[in-house]
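First the structure, in the form of structure tokens, and then the observations on it.
The values are calculated or read from the model by the stated rules, or taken from the named source; none is laboratory data. Note that the structure is a prediction, hence the values are computed from the model and not measured. As a convention, Cβ positions derive from the backbone with ideal geometry for all residues, glycine included, and neighbour counts pool all protein chains shown. When the accessible area is computed, the model is the full protein with side chains, heavy atoms only, and any ligands, DNA or RNA have been set aside. Shrake-Rupley method; radii C 1.70, N 1.55, O 1.52, S 1.80 Å.
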Amino acid sequence: MGGYGGTMIIYTCSAHHAATNSGQFELGSFMPNMPAAMRAPPPSHKSPLSLHDFLDSLPAVNTTCRVLSVLWVLRNEPIDMLPLGHYPDRHFTEPVPLRSMSRFRRRLNRISQKIRNRNRKLQLPYPYLDPSNVENSVAI
């Protein structure tokens, strides 16, 4: 695979996956943000919606509970989660790749520290792209 193909695979299976999926529970746990089903069609015009009409369109409680259960399971880190840059299998033993992996981990650590410092100052932290929270591949 020439060029940046390998880089794109690593990015797609780690950082891109984390960016698009890690916040699902936080977004979807307030059910109107991400209803799994609706019992009435969405409004066809922008006129104000009554509370009654709004509540009547929301899914049944049991449907919402099922979706929250799935999101909760997907949200939780697996016990064997390996963060980006950690590769327990020794596929590379030569000095050059080992140095590259070491540099990569040092860079990830610096990025992680910057993100943690920034998040300490935020009222609503964004931990999802902290390399220590990004799995080294898509593991479902």
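Accessible area per residue for the chain, computed on protein heavy atoms with a 1.4 Å probe, is 77 Å². Net length available on complete extension from His91 to Asn133 is 12.8 nm, with 0.36 nm assigned per residue and the Cα-Cα distance removed.
At most 14 other C-beta atoms within 10 Å and a DSSP loop state: those are the exposed trypsin sites (Lys or Arg not before Pro) I care about. Give me the longest piece of the chain that has none.
Values: sites that count: Arg39, Lys46, Arg90, Lys121.
Within the chain, the longest run free of exposed trypsin sites (Lys or Arg not before Pro) spans 47-89.
Counting only Cβ charges, +1 for Lys and Arg and -1 for Asp and Glu, the dipole size of the chain around its Cα centre is about 800 debye. Working note: Cα atoms of the range 74-140, range along each principal axis, descending, whole Å: 45, 27, 14. Within the full protein context, the accessible area of Leu49 is estimated at about 90 Å² for a probe radius of 1.4 Å. Residues in the range 23-31 carry Karplus couplings, in order, of x, 4, 5, 4, 6, x, 6, 8, 3 Hz; the curve used is 6.51 cos²θ - 1.76 cosθ + 1.60 with θ = phi - 60°, and Gly or Pro positions show x.
The largest accessible area among Asp130, Asp89, Asp56 belongs to the first residue in Asp89, Asp56, Asp130, and the rest follow in falling order (1.4 Å probe, all chains).
Expressed as a whole percent, the accessible area of the chain that falls on carbon and sulfur atoms is 62 (1.4 Å probe). Mean sequence separation of contacting Cα pairs (under 8 Å, at least six apart), scaled by the length of the chain, corresponds to a relative contact order of 34 percent. Translational diffusion of the range 35-113, estimated by Stokes-Einstein from the Kirkwood radius over alpha carbon pairs at 10 °C in a medium of 1.306 mPa s, is 90 µm² per second.
Would you tally the net charge around Leu124, using a Cβ to Cβ cut-off of less than 13 Å, leaving Leu124 out, and scoring K and R as +1, D and E as -1?
Numbers: positive: Arg118, Arg120, Lys121; negative: Glu26.
After counting each charged neighbour, the total is +2.
Label sites at Leu98 and Thr63, each approximated as a point 7 angstrom past Cα along Cα to Cβ, lie 5.7 nm apart.
Filter the chymotrypsin sites (Phe, Trp or Tyr not before Pro) in the range 1-91 to those in DSSP coil with at most 14 other Cβ atoms within 10 Å of their Cβ, and list the result. Mind dumping the intermediate values first?
Working: sites: Tyr4, Tyr11, Phe25, Phe30, Phe54, Trp72; in loops: Tyr4, Phe30.
Sparse-neighbourhood loop chymotrypsin sites (Phe, Trp or Tyr not before Pro): Tyr4, Phe30.
The angle between the Cα long axis of helix 95-120 and the main principal axis of the chain comes to about 40°, on a 0 to 90 degree scale. The phi torsions of the range 40-45, fed into the Karplus equation with coefficients 6.51, -1.76 and 1.60 and a -60° offset, translate into couplings of 8, x, x, x, 9, 9 Hz, rounded to whole numbers, with Gly and Pro shown as x. For the chain, the longest principal axis of the alpha carbon atoms and the long axis of helix 61-75 meet at an angle near 10°. Candidate values (i) 42, 42, 30; (ii) 59, 34, 26; (iii) 67, 35, 32 were compared with Cα extents along the principal axes in Å computed on the shown model; the agreeing label is (iii).
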